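Engineer: For reference, the structure I am asking about is given below.
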Amino acid sequence: MRLLIRLRSLQDGPYEMQYHYHLQGFVYSLLQGSQYHHVHNKGGYKFFCFSNVFPANPLRKDDLRTLIISSPDAEFISYLYEVLIKRSVAEVKVGSMKFGIDSLEKIDVRIPESHFSLITGTPIIIRIPREKYLAFGVEPKGQYDYVYWRSDHPIQLFISQVEDNIMKKYAEYHGLYNPAAKHRDGQHPVRPNTPFLFQKFKFKKQVSTRVLMKGLEQVVIGTVWEFMFEGWENRDLVRFAVDCGLGERNSLGFGFMNLINNRQEP
């Protein structure tokens, strides 16, 4: 489920690229005093993601921009929708950018029957354990326990890690057993007799972003992709990926996914 928020710029000004921490704070501020107040302090997966404020170009007063918040929890999205209406939020501040709320809309993304793609609206971040690199014969630079995946690393390292990540999130959200464990036939217990999720994909580019985390500015490495599907895949899992985001740091706005219907109409 998604909440589409139309924002109206309250002033002229530059577009702030380091929006992640500010938008996360905006979401958390809406959760205060609610049944979701625990999400802020919850360790691990938080099960929501958000887009950037787009289009990402300099602001002029009264410009309309869009922000989308997604979650597999439809009640979470409905709560945000209701609280924004009831509170009549006068201003949304994203760093130095200031907006008013022009309109709100809840959107239920439907997965097409066949031939569609997921594209990254915001870069996917994946950190890979050092031992996995060594298993692929790659020696990471520096003695770090985890290394951000980069375009000069084996693609299969990225695909295996992003699949493990989405399976762990799916299993935790639905209260299933450990998705990292596999049956003797090699299949994940969450998706028995189902091939791995990402079979066709296209790497587009690598980006580095400065993000404020735990009071410190950090550089993170992300990548932009297109994942192609033909319709035989586990639709429940694909839907979950659309709602929850791919990779890590989803609650900071990374790995936000958009769906494109590739089917050719007759």
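Engineer: Assuming Ser34 fulfils every condition listed in (1) part of a loop (DSSP other than H, G, I, E, B); (2) loosely packed, with under 13 Cβ neighbours inside 10 Å apart from one, which condition is it?
Structural biologist: Going through (1) part of a loop (DSSP other than H, G, I, E, B); (2) loosely packed, with under 13 Cβ neighbours inside 10 Å one by one, Ser34 breaks only (2).
Engineer: Among the residues of region 16-42, count how many are within 27 Å of Pro58 (Cβ to Cβ) and of a type in the set (Val, Ile, Thr).
Structural biologist: Looking only at that region, the number is 1.
Engineer: Moving on to the next point. Only residues that are under 30 Å from Lys204 (Cα atoms) and free of Cβ contacts under 8 Å to residues at least 24 places away in the same chain: list them for region 67-118, please.
Structural biologist: Across region 67-118, the qualifying residue is only Arg110.
Engineer: When region 209-232 is examined, which residues are found to be of a type in the set (S, T, N, Q) and modelled with pLDDT of 95 or more?
Structural biologist: Within region 209-232, just Thr223 meets the criteria.
Engineer: Does any residue in region 147-165 that is closer than 11 Å to Tyr133 by Cβ come within less than 6 Å, Cβ to Cβ, of a residue that is in a helix (DSSP H, G or I) six or more places away or on a different chain, and which pairs are these?
Structural biologist: Trp149/Phe158
Engineer: Does region 54-74 include one or more residues that are modelled with pLDDT of 95 or more, buried (at least 20 other Cβ atoms within 10 Å of the Cβ) and either part of a helix (DSSP H, G or I) or at positive phi (or both)?
Structural biologist: no
Engineer: Check whether at least one residue in region 90-98 is within 19 Å of Leu31 (Cα to Cα) and at pLDDT below 90, and report yes or no.
Structural biologist: yes
Engineer: Are any residues in region 210-261 in contact (Cβ under 8 Å) with a residue 40 or more places away in the chain, assigned to a loop (DSSP other than H, G, I, E, B) and surrounded by 14 or more Cβ atoms within 10 Å (Cβ to Cβ), and if so, which ones?
Structural biologist: Across region 210-261, the qualifying residues are Asn234, Gly245, Leu246, Gly247, Arg249, Gly253, Phe254, Gly255, Phe256.
Engineer: Kindly establish whether Val39 is at pLDDT below 95 and part of a helix (DSSP H, G or I).
Structural biologist: Spelling it out, Val39 is indeed at pLDDT below 95 and part of a helix (DSSP H, G or I).
Engineer: Return the total of residues in region 214-266 being hydrophobic (A, V, I, L, M, F, W, C) and in contact with a helix residue (DSSP H, G or I) (Cβ under 7 Å, 6 or more places away or on another chain).
Structural biologist: 9
Engineer: If you don't mind, another one. Any residue in region 1-28 that is closer than 14 Å to Glu91 by Cα and in contact (Cβ under 8 Å) with a residue 24 or more places away in the chain sitting within a Cβ distance under 9 Å of a residue that is surrounded by fewer than 15 Cβ atoms within 10 Å (Cβ to Cβ) and basic (Lys, Arg)? List the pairs, counting only those 6 or more apart or interchain.
Structural biologist: Going by the 9 Å Cβ cut-off, the qualifying pairs are Arg8/Lys61; Ser9/Arg60; Ser9/Lys61; Leu10/Lys61; Gln11/Arg60; Gln11/Lys61; His22/Lys93; Phe26/Lys93.
Engineer: Inspect all residues belonging to region 10-18 and state whether any of them is at pLDDT 95 or above and buried (at least 18 other Cβ atoms within 10 Å of the Cβ).
Structural biologist: yes
Engineer: Gln206 passes all but one of (1) surrounded by fewer than 13 Cβ atoms within 10 Å (Cβ to Cβ); (2) at pLDDT 85 or above; which number fails?
Structural biologist: (1)
Engineer: I want to confirm something. Restricting to region 219-266 and keeping residues that are over 8 Å from the mean Cα position of the chain (by Cα) and aromatic (Phe, Trp, Tyr), which single residue is nearest to Phe76 (Cα to Cα)?
Structural biologist: The extreme case among them is Phe240.
Engineer: What is the residue count in region 129-164 for residues that are hydrophobic (A, V, I, L, M, F, W, C) and modelled with pLDDT under 85?
Structural biologist: Of the residues in that region, 4 qualify.
Engineer: Please give the number of the condition Ile101 fails out of (1) part of a loop (DSSP other than H, G, I, E, B); (2) in the same structural domain as Asp12 (by TED's automatic domain parsing).
Structural biologist: It fails just one condition, (1).
The values are calculated or read from the model by the stated rules, or taken from the named source; none is laboratory data. Note that the structure is predicted; figures quoted are calculated from it, not measured. As a convention, Cβ positions derive from the backbone with ideal geometry for all residues, glycine included, and neighbour counts pool all protein chains shown.
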